[in-house]
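Q: My structure is below; once you've seen it, I'll send some questions.
Any read-out appearing in this document is the output of simple, stated calculations on the displayed coordinates, not a laboratory observation. Source: prediction; values computed, not measured. Cβ placement follows ideal geometry from the backbone for every residue including glycine, while neighbour counts extend to all protein chains displayed.
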Amino acid sequence: MKAPLWKIHLFRFYELLNSESGPANLMGMRPLFHPAPEDITVEGILYSLSDPVRASIFFDIARQQCTQNCSSFLTVSNKAIPKSTLSQHMRILRENGLIRGERHGVEMRITSRCQELNQRFPGLIPAILSAHRVQSGENRKPRPRAKRSSRQVRR
């Protein structure tokens, strides 16, 4: 004789609640890896930021100083980024300690770890962010137009 369907569902529900590995692991999702601050290396940071797309992504995250949705970076520097490529970029940034990612349903929420990195390597991240601003032209001021003197003849 078969058990009623509701009993099977109830048993499965309690099995999920009592599981030590957590419901996320039982649904096929791997836990996200975030290195401890003492495990973060300068080499890993520089490798992560060696790609211009990753550097732009990190710069945007650090500049906003708030949690952002991963899908907000599907367009970086006016270029469309495929989701698979974006997830690889996020993985590299996360595994090298530059960002923290948290799953919320189907969304991935991203925050920077600038404060932790600044405690580990004082001055490194602000220097990198400043250099990125200079390179991307954010600090450039528009050049003032040369004024014509009244003596110049207009043709």
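Q: Hey, got a sec? Which GluC sites (Glu not before Pro) in segment 75-142 land in a DSSP loop and have at most 13 other Cβ atoms within 10 Å?
A: Glu138
Q: While we're on this one: So for His104, His89, fewest C-beta neighbours within 10 Å to most, what's the order?
A: Ranked by crowding around the Cβ, least crowded first: His104, His89.
Q: Ok, one more. Check which residues have an amide H placed less than 5 Å from Met108's amide H, if you skip close sequence neighbours.
A: Cys70, Ser71
Q: Among the chymotrypsin sites (Phe, Trp or Tyr not before Pro) within segment 31-62, which fall in a DSSP loop and have no more than 10 other Cβ atoms within 10 Å of their own Cβ?
A: Phe33
Q: What are the ³J(HN,Hα) couplings of segment 105-116, residue after residue, when phi is run through the Karplus curve with 6.51, -1.76, 1.60 and θ = phi - 60°? Round to Hz, x for glycine and proline.
A: x, 8, 8, 10, 9, 10, 9, 7, 10, 4, 5, 5
Q: Here is a follow-up. Evaluate the distance, in nm, between pseudo-label points positioned 7 Å from the Cα of Ser50 and of Arg30 along their respective Cα→Cβ axes.
A: That separation, rounded to one decimal, is 2.1 nm.
Q: Here is a follow-up. Using r as the Cβ-Cβ distance of Val42 and Ala80, and R0 as 30 Å, what FRET efficiency do you calculate, to the nearest 0.05?
A: About 0.40, to the nearest 0.05.
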